[in-house]
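I have placed the structure first, in the form of structure tokens, so that the comments after it can refer back to it.
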Amino acid sequence: MNNPTADNPALHILRTVFGYEQFRADQALIVDQVINGGDALVLMPTGGGKSLCYQIPALVREGVGVVISPLIALMQDQVAALRQNGVKTAYLNSSLSAAEANEVEAQLLRGELSLIYVAPERLMMPRTLALLERLTISLFAIDEAHCVSQWGHDFRPEYIKLSVLHERFPTIPRIALTATADEPTQREIVERLALQQARVFNSGFDRPNIRYRISESVGTAREALLRFIRNEHEGEAGIVYCLSRKRVDETAEWLCTKGLNALPYHAGLPTNTRQMHQERFLRDDGVIIVATIAFGMGIDKPDVRFVAHLNLPKSIEAYYQETGRAGRDGLPADGWMAYGLQDVITLRQMQENSVADEQHKRVERHKLDAMLGLCELTSCRRQALLRYFGDRLDHPCGNCDNCLNPPATWDASVAAQKALSCVHRTGQRFGVNYLVDVLRGSDHERIKQFGHDKLTTYGIGKELSANEWKNLYRQLISRGLLNVDIEGHGGLHLTDAARPVLRGEETLHLRKVTKAEKPERKRNEKQFKREADSALWEALRQKRKQLAEEQGVAAYVIFHDATLMEMVERQPQTLEQLGLISGIGARKLDAYGEAFLEVICELASPIAITDTVAETIKLLCQGLDPIAIAQQRNLTLNTIHSHLAKAIENGELALEDVVSLQKHELLAIQLAFEQSDDGKIKPIYELLEGAYEYGVLQCVRATLAPQP
Ligand code: ADP
Ligand code: ZN
């Protein structure tokens, strides 16, 4: 029934080194493929867990794993994180001095490293290749493999030369990984890296923990942003994207005057200011970076809780990549955007004015149409996004604004006829404000000068407010029924697509103007119902920050938020219990266990334990099994088992309510515990060769003599 780790070194390493209980989705298959010497092409969304797919095989196989990574910041991050877990690793790139590089090379030659991160241009140097030929190499991992694609947005010429690996090291397994590759790009990767023999693992593109929300800004987008941050993300890290440098500076400054911790980032700032801001964003807790799209490449921060757009991205690719920087740690995160009429007009105009050739223009227009379509959509956003990338989601996701608050629609056919006809009758050269004035029968002098007060459309639109008309015009522009002039005055003209609607041959159902978003509860607050828990959470974060500062690393390198959250939830009392928490491997338990236990013991609330245990018991009594309970409560299976063990110990549950064991199995486990002198789980687990999960052993132990 259980996964023995004795003959499964990969699982053993996952648990002891990384502190994770189980492989996710495809991870186990990928790891197996590479351990067995096969090649792999891995397509996995951001935050899916690509790193372990090569880190674990590198630790299982003999020799050093060579990881090719295009970004220095990413390499440094990965190396720092691995060292925290006690893995011997280093990097070779241009940030090292000659002496430092020599030292790394010496370590390699002495066989001291399990993993080496190398920049592609460094790898291609004859000296490096010659060095590699003297080593035992366990595998080559090619990270961000889409950089090999000449048509993609991240093309790196050195990546093309990586085919040399296959020629010079034909027997060493290679694993290429990427989070962004549509089908043509996938084919290009296979071809250019000579991965024809590789097994392809495709986990799709979905980021289920990101909640997509797109709203038309009724007031100013900035105010909406402030409300959003204050209501839902106070004190949390996020990225705010703006189109221009000027807007970046203004927005950052304005957020600061409102008491938020916001920093600007764009190419116009001095290099050291920019670096300092990026550094603070990475290291400190809860910094908001306001940036142009220049920011983000190579940012691996796992706990970015929101990405907000104050402008419309030019394409769905850009939108997806930018929002994708939120929630790498798998915890709930928001992709939030507010846009208005002016944004739509500006983008349409930019595209009209584009100097690109006809074919390029067509592609640009298609991309913009898709982006605007996503904005005006009334059905599930995630389904539309995934469809765009050739992925499928059979059901509406339940985690986007349209799923959560289905937008009201209305039959706008007649109103659209009036709006379009007004464009036609005024000569197809006026902007939205003027058109709305005509429709609503305003007595502006200008209208009289043009004689437009004599038109049949003059004053036929009093039933809608000015805002509602603007909203309608925006949707007509988004849908391509109207286009904007090239001169940039915002004058509108009809397109061919407008004719059927104008003639009343086509009906139009459109979104109603939405009221200001109702504030959602901050999701952290939902998790911490009790004040004592929030206090513990803060104290744990404080401890983490202190430890991080002492070593000059980012806080998340010590522990991820998810790990701290589990500490709050489970309130472990011993090192052993602490070690069961996801994300705490042997090295970290050793280095930080005592420090965090101290904090927990000081602040732990006994009531909290009872509460959460009671909830688990309730669900069990409703017929859910531990796995289902873990899923529903968003806790690990281990946590659920520890709750159940507690309930067994208190006599609220019987062992057979919880686990199904054969009689002889039960006896064997009990015997093992009786013979041990301290009742610790780990030695028993190993004694039984990993045949039973920790949680099962815990439950059995709870039936025996009282435990600490
Ligand atoms: P990617 O490179 O695909 O964006 P990472 O390798 O950085 O993703 O992993 C994302 C997060 O998921 C990290 O915090 C990582 O530690 C965590 N993670 C990966 N695999 C597992 C697992 N099997 N169990 C628990 N957490 C995992
Ligand atoms: Zn949805």
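The values are calculated or read from the model by the stated rules, or taken from the named source; none is laboratory data. Since we're looking at a predicted model, the values are computed, not measured. Cβ atoms come from the backbone with ideal geometry, glycine included; neighbour counts cover every protein chain shown. In case anyone asks, the SASA skips ligands and DNA or RNA and just uses the protein heavy atoms, side chains included. Shrake-Rupley method; radii C 1.70, N 1.55, O 1.52, S 1.80 Å.
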Kirkwood hydrodynamic radius for the stretch 210-404: how many Å is it when counted over pairs of different Cα atoms?
17.3 Å
How big is the gap, in Å, between the Cα center of the stretch 227-256 and the Cα center of the stretch 534-554?
24 Å
If you place +1 on the Cβ of every Lys and Arg and -1 on the Cβ of every Asp and Glu, how big does the dipole about the Cα centre of the stretch 210-404 come out, in debye to the nearest 20?
120 debye
Report, in debye and to the nearest 20, how large the dipole of the chain comes out about its Cα centre when Lys and Arg carry +1 and Asp and Glu carry -1 on their Cβ.
2220 debye
Aspartates and glutamates within cross-link reach of K512: Cα-Cα under 17 Å, excluding same-chain residues under 8 positions apart?
E216, E376, D401, D411, E463, E468
Could you work out the helix-only [θ] at 222 nm for the chain, with each DSSP H run of four or more residues adding -39,500 (n - 2.57) and the total divided by the number of residues, to the nearest 500 deg cm²/dmol?
-14500 deg cm²/dmol
For K663, give me every one of the lysines with a C-alpha distance below 24 angstrom, ignoring sequence neighbours fewer than eight places off in its own chain.
K646, K680, K682
What is the dipole size for the stretch 46-205, taken about its Cα centre, with +1 at each Lys and Arg Cβ and -1 at each Asp and Glu Cβ, in debye to the nearest 20?
340 debye
Quick one: which residues, 5 or more positions from I68 or on another chain, have an amide H under 5 Å from its amide H? H modelled 1.01 Å from N in the peptide plane, none for Pro or chain starts.
V118, A141, I142, D143
Less than 11 Å Cβ to Cβ from W410, Lys/Arg counted +1 and Asp/Glu -1: what total charge do the surrounding residues give?
0
Charge sum, other residues only, whose C-beta stays under 12 Å from I142's C-beta, Lys/Arg counted +1 and Asp/Glu -1
+1
Note the full-extension length gain between A98 and Q150 as 0.36 nm times their separation in residues minus their Cα-Cα distance, in nm to one decimal.
15.5 nm
If the limit is 18 Å between Cα atoms, which of K50/K588; K258/K543; K301/K545; K88/K161; K88/K588 go over it?
K50/K588; K258/K543; K88/K161
What does a probe at C621 reach in the stretch 652-671, counting residues whose amide N is under 13 Å from the point 7 Å along Cα→Cβ?
652-654
Linear extension gain, Q546 paired with I486, 0.36 nm per residue minus alpha-carbon span
16.0 nm
Tensor-based shape of the chain (alpha-carbon gyration tensor, a/c under 1.5 rounded, otherwise prolate or oblate):
prolate
Grab the beta carbon distance between Q428 and D394, set R0 = 35 Å, and tell me the FRET efficiency rounded to 0.05.
0.20
Tabulate in residue order the Karplus-calculated ³J(HN,Hα) for the stretch 165-180, using 6.51 cos²θ - 1.76 cosθ + 1.60 with θ = phi - 60°, rounded to whole Hz; enter x for Gly and Pro.
4, 5, 6, 8, 10, x, 9, 8, x, 10, 10, 9, 10, 7, 10, 9
With every protein chain present, what is the per residue accessible area of the stretch 36-177 (1.4 Å probe, Å²)?
38 Å²
Go ahead and run the numbers for FRET between K246 and N353, Cβ-Cβ distance against an R0 of 25 Å, rounding to 0.05.
0.80
Apply the Karplus curve 6.51 cos²θ - 1.76 cosθ + 1.60, θ = phi - 60°, to the phi angles in the stretch 640-655 and return the couplings in whole Hz, x for Gly and Pro.
4, 4, 5, 4, 5, 4, 4, 5, 5, 4, 7, x, 7, 10, 9, 3
Please report how far the C-alpha centroid of the stretch 468-509 lies from that of the stretch 660-685, rounded to the nearest whole angstrom.
73 Å
Length gained if T574 through R503 is fully extended, taking 0.36 nm per residue and subtracting the Cα-Cα distance, is 18.0 nm
Excluding ligands, DNA and RNA, the carbon-plus-sulfur percentage of the accessible area of the chain with a 1.4 Å probe reads 50 percent
Averaged per residue, the 1.4 Å probe accessible area of the stretch 541-701, protein heavy atoms only, in Å², is roughly 47 Å²
In whole Hz and in residue order, list the ³J(HN,Hα) couplings for the stretch 466-481 that follow from phi through the Karplus curve 6.51 cos²θ - 1.76 cosθ + 1.60, θ = phi - 60°; x for Gly and Pro.
4, 4, 5, 5, 4, 4, 5, 4, 4, 5, 5, 5, 4, 7, x, 7
Once amide hydrogens are built 1.01 Å from N within the peptide plane, the residues lying 5 or more places from R211 or on another chain with amide H under 5 Å from its amide H are A333, D334, G335
Set Lys and Arg Cβ to +1 and Asp and Glu Cβ to -1, take the dipole of the chain about its Cα centre, and tell me which of T16, L492, V355 lies farthest positive.
L492
Can you list residues from other chains, or at least 5 along the same chain, whose modelled amide H is less than 5 Å from the amide H of V17?
A586
Where Lys and Arg each count +1 and Asp and Glu each count -1, what net charge lies around A356 among other residues with Cβ under 14 Å from its Cβ?
+1
Run through the DSSP bridge list for the chain and note the antiparallel percent, rounded to the nearest 5.
10 percent
